[in-house]
Amino acid sequence: MAQTVEMHIGAKSFFIELNGNDAARDFASRLPMELQFEDFAGTERIAYLNPKLNVGEAPTHMTPQTGDVAYYIPWGNLAVFVRNFRASESLVPLGRMSEEAWRALQSSGDESVRFGLRQ
């Protein structure tokens with residue numbers, strides 16, 4: 001079953017629609033959490049999770065589109081795509097965010113980003 005979580009950047013809040021897969025459920029079970037994102041190749045914003053997510057039976061291949069939230073298995077990082085990208089192995093789809101949300105994240109610099117369950 002899909003779930004909605006909140007992402008807070010500064011005083012603004014945005015909703016993220018998570019998928020109903022095992023990896024997305026594991027991410028949601030860890031909330032609230034605060035992460036530091038960094039730019040990766042101008043295509044995604046990434047933040048490392050510790051410990052790594054339990055992927056379970058979640059798909060491990062996707063062709064990410066702008067606004068997709070994913071988990072990259074080898075590095076153990078959360079990835080938010082700010083540009084479309086090619087089909088990729090070891091990339092687990094976690095959910096989607098709105099254009100307003102990914103643009104806010106894209107311009108957040110080194111500001112802390114908080115995630116929590118939707119109230």
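The values are calculated or read from the model by the stated rules, or taken from the named source; none is laboratory data. For clarity, every value in this text was computed on a predicted model and none was experimentally measured. Cβ atoms come from the backbone with ideal geometry, glycine included; neighbour counts cover every protein chain shown.
Name the residues in region 85-100 that are more than 17 Å from residue 4 (Cβ to Cβ) and touching a strand residue (DSSP E or B) at 6+ places or on another chain (Cβ under 9 Å), would you?
Passing the criteria: 85, 87, 88, 89, 90, 91, 92.
Looking at region 24-44, which of its residues are in a loop (DSSP other than H, G, I, E, B) and of a type in the set (Phe, Trp, Tyr)? Give the steps one after another, and end with the answer.
So the first thing to find is which residues in region 24-44 are in a loop (DSSP other than H, G, I, E, B), and the list is 30-32, 37, 41-43.
Once the filter is applied, which keeps residues that are in a loop (DSSP other than H, G, I, E, B) and of a type in the set (Phe, Trp, Tyr), region 24-44 yields only 37.
So, in region 37-63, of the ones that are of a type in the set (S, T, N, Q) and surrounded by fewer than 13 Cβ atoms within 10 Å (Cβ to Cβ), which residue ends up nearest to residue 82 (Cα to Cα)? Full working, then the answer.
Taking region 37-63 and keeping what is of a type in the set (S, T, N, Q), we get 43, 50, 54, 60, 63.
So of that shortlist, the ones also surrounded by fewer than 13 Cβ atoms within 10 Å (Cβ to Cβ) come out as 50, 54, 63.
Numbers: 50: 23, 54: 25, 63: 13 Å.
If we take residues in region 37-63 being of a type in the set (S, T, N, Q) and surrounded by fewer than 13 Cβ atoms within 10 Å (Cβ to Cβ), then 63 is nearest to residue 82 (Cα to Cα).
Any residue that is surrounded by fewer than 14 Cβ atoms within 10 Å (Cβ to Cβ), at pLDDT 95 or above and assigned to a strand (DSSP E or B) - is there at least one of those in region 91-104? Lay out the reasoning, then the answer.
Filtering region 91-104 for residues surrounded by fewer than 14 Cβ atoms within 10 Å (Cβ to Cβ) gives 98-100.
Those still in the list that are at pLDDT 95 or above too: 98-100.
Adding the requirement that they be assigned to a strand (DSSP E or B) leaves none.
Within region 91-104, none of the residues are surrounded by fewer than 14 Cβ atoms within 10 Å (Cβ to Cβ), at pLDDT 95 or above and assigned to a strand (DSSP E or B).
Does residue 108 count as more than 19 Å from residue 2 (Cα to Cα), among the small types (Gly, Ala, Ser), surrounded by 13 or more Cβ atoms within 10 Å (Cβ to Cβ) and touching a residue at least 40 places away in the same chain (Cβ under 8 Å)?
On the way: more than 19 Å from residue 2 (Cα to Cα): yes; among the small types (Gly, Ala, Ser): yes; surrounded by 13 or more Cβ atoms within 10 Å (Cβ to Cβ): yes; touching a residue at least 40 places away in the same chain (Cβ under 8 Å): yes.
Here the answer is yes, as residue 108 does meet what is asked.
Run down 118, 83, 114 and say which single residue is within 16 Å of residue 8 (Cβ to Cβ), modelled with pLDDT of 95 or more and charged (D, E, K, R).
That would be 114, the only listed residue that is within 16 Å of residue 8 (Cβ to Cβ), modelled with pLDDT of 95 or more and charged (D, E, K, R).
Determine the pairs where a residue that is farther than 18 Å from residue 107 by Cα and in a loop (DSSP other than H, G, I, E, B), located within region 65-88, has a partner that is modelled with pLDDT of 95 or more and of a type in the set (Lys, Arg) with Cβ atoms under 8 Å apart, the partner being 6 or more residues away or on another chain.
Filtered contacts from region 65-88: 73/52; 76/52.
Of the residues that sit in region 40-50 and are over 15 Å from residue 70 (Cα atoms) and touching a residue at least 24 places away in the same chain (Cβ under 8 Å), which one is farthest from the chain's Cα centre (by Cα)? Full working, then the answer.
Here is the first cut: in region 40-50, the ones over 15 Å from residue 70 (Cα atoms) are 41-42, 50.
Keeping just the survivors that are touching a residue at least 24 places away in the same chain (Cβ under 8 Å) gives 42, 50.
On the way: 42: 16, 50: 14 Å.
Looking at the filtered set, the residue picked out is 42.
Evaluate region 27-36: report whether one residue or more is among the aromatic types (Phe, Trp, Tyr), touching a residue at least 24 places away in the same chain (Cβ under 8 Å), closer than 24 Å to residue 85 by Cβ and in contact with a Leu (Cβ under 9 Å, 6 or more places away or on another chain). First the steps, then the outcome.
Taking region 27-36 and keeping what is among the aromatic types (Phe, Trp, Tyr), we get 27.
Still in the running and touching a residue at least 24 places away in the same chain (Cβ under 8 Å): 27.
So of that shortlist, the ones also closer than 24 Å to residue 85 by Cβ come out as 27.
Cutting the leftovers down to in contact with a Leu (Cβ under 9 Å, 6 or more places away or on another chain) gives us 27.
The answer is yes, given that some residue of region 27-36 is among the aromatic types (Phe, Trp, Tyr), touching a residue at least 24 places away in the same chain (Cβ under 8 Å), closer than 24 Å to residue 85 by Cβ and in contact with a Leu (Cβ under 9 Å, 6 or more places away or on another chain).
Any residue at all in region 10-22 that is more than 13 Å from residue 80 (Cβ to Cβ), touching a residue at least 40 places away in the same chain (Cβ under 8 Å), within 14 Å of the chain's Cα centre (by Cα) and surrounded by 18 or more Cβ atoms within 10 Å (Cβ to Cβ)?
Yes; the residues of region 10-22 include at least one that is more than 13 Å from residue 80 (Cβ to Cβ), touching a residue at least 40 places away in the same chain (Cβ under 8 Å), within 14 Å of the chain's Cα centre (by Cα) and surrounded by 18 or more Cβ atoms within 10 Å (Cβ to Cβ).
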